[in-house]
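Comments concern the structure below.
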Amino acid sequence: MIESLSKVEREVYDIVLKTGEVMARDIPFKLAGAVPSLVNKGLIVVQKRRIHNQTSKKGKFLILK
């Protein structure tokens, strides 16, 4: 499955792989278009949760499946 990724999808997958989890807003704008295709392929999961325990702000995190 990983061999069939495009160049951009592979870059995003490598970023998430290195960090374990990354906020969606930290993905460069030109690479952000590959996120939905990685979710559809089942390689990553988008999880919405609080950024900090003491605030009510929520953010989207990309996590490996």
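When you look at Leu62, is it at pLDDT 95 or above, assigned to a helix (DSSP H, G or I) and in contact with a helix residue (DSSP H, G or I) (Cβ under 8 Å, 6 or more places away or on another chain), yes or no? So that I can check it myself, show each step before the final result.
On the way: at pLDDT 95 or above: yes; assigned to a helix (DSSP H, G or I): no; in contact with a helix residue (DSSP H, G or I) (Cβ under 8 Å, 6 or more places away or on another chain): yes.
Judged against the criteria, Leu62 is not a match.
Return yes or no: is Leu43 surrounded by 10 or more Cβ atoms within 10 Å (Cβ to Cβ), under 18 Å from Lys7 (Cβ atoms) and either of a type in the set (A, V, I, L, M, F, W, C) or touching a residue at least 60 places away in the same chain (Cβ under 8 Å) (or both)? In short, yes. Within segment 1-17, does at least one residue satisfy the condition of being in a strand (DSSP E or B), surrounded by 10 or more Cβ atoms within 10 Å (Cβ to Cβ) and free of Cβ contacts under 8 Å to residues at least 40 places away in the same chain? No, the conditions are met nowhere in segment 1-17.
Looking at segment 21-30, which of the residues that are under 10 Å from the mean Cα position of the chain (by Cα) and part of a helix (DSSP H, G or I) is farthest from Arg50 (Cα to Cα)? Lay out the reasoning, then the answer.
Step one: filter segment 21-30 for residues under 10 Å from the mean Cα position of the chain (by Cα), giving 21-27.
The next check asks that each one be part of a helix (DSSP H, G or I); those that pass are 24-26.
Working: Ala24: 13, Arg25: 14, Asp26: 16 Å.
Filtering first and then ranking leaves Asp26.
Of Lys65, Lys18, which residue is over 11 Å from the mean Cα position of the chain (by Cα) and among the charged types (D, E, K, R)? Let's see the steps before the verdict.
On the way: Lys65 fails: over 11 Å from the mean Cα position of the chain (by Cα).
Just a single option satisfies the conditions, and that option is Lys18.
Within segment 31-59, being within 8 Å of the chain's Cα centre (by Cα) and in a loop (DSSP other than H, G, I, E, B) holds for no residue.
This table checks each residue for (1) touching a helix residue (DSSP H, G or I) at 6+ places or on another chain (Cβ under 8 Å); (2) hydrophobic (A, V, I, L, M, F, W, C).
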{"position": "Ser6", "(1), (2)": "yes, no"}
{"position": "Glu9", "(1), (2)": "yes, no"}
{"position": "Lys18", "(1), (2)": "no, no"}
{"position": "Val22", "(1), (2)": "yes, yes"}
{"position": "Ala34", "(1), (2)": "yes, yes"}
{"position": "Gly42", "(1), (2)": "no, no"}
{"position": "Gln54", "(1), (2)": "no, no"}
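The values are calculated or read from the model by the stated rules, or taken from the named source; none is laboratory data. Computed from a predicted model, the values in this text were never measured in an experiment. Positions of Cβ are backbone-derived with ideal geometry, glycine not excepted, and every protein chain shown enters the neighbour counts.
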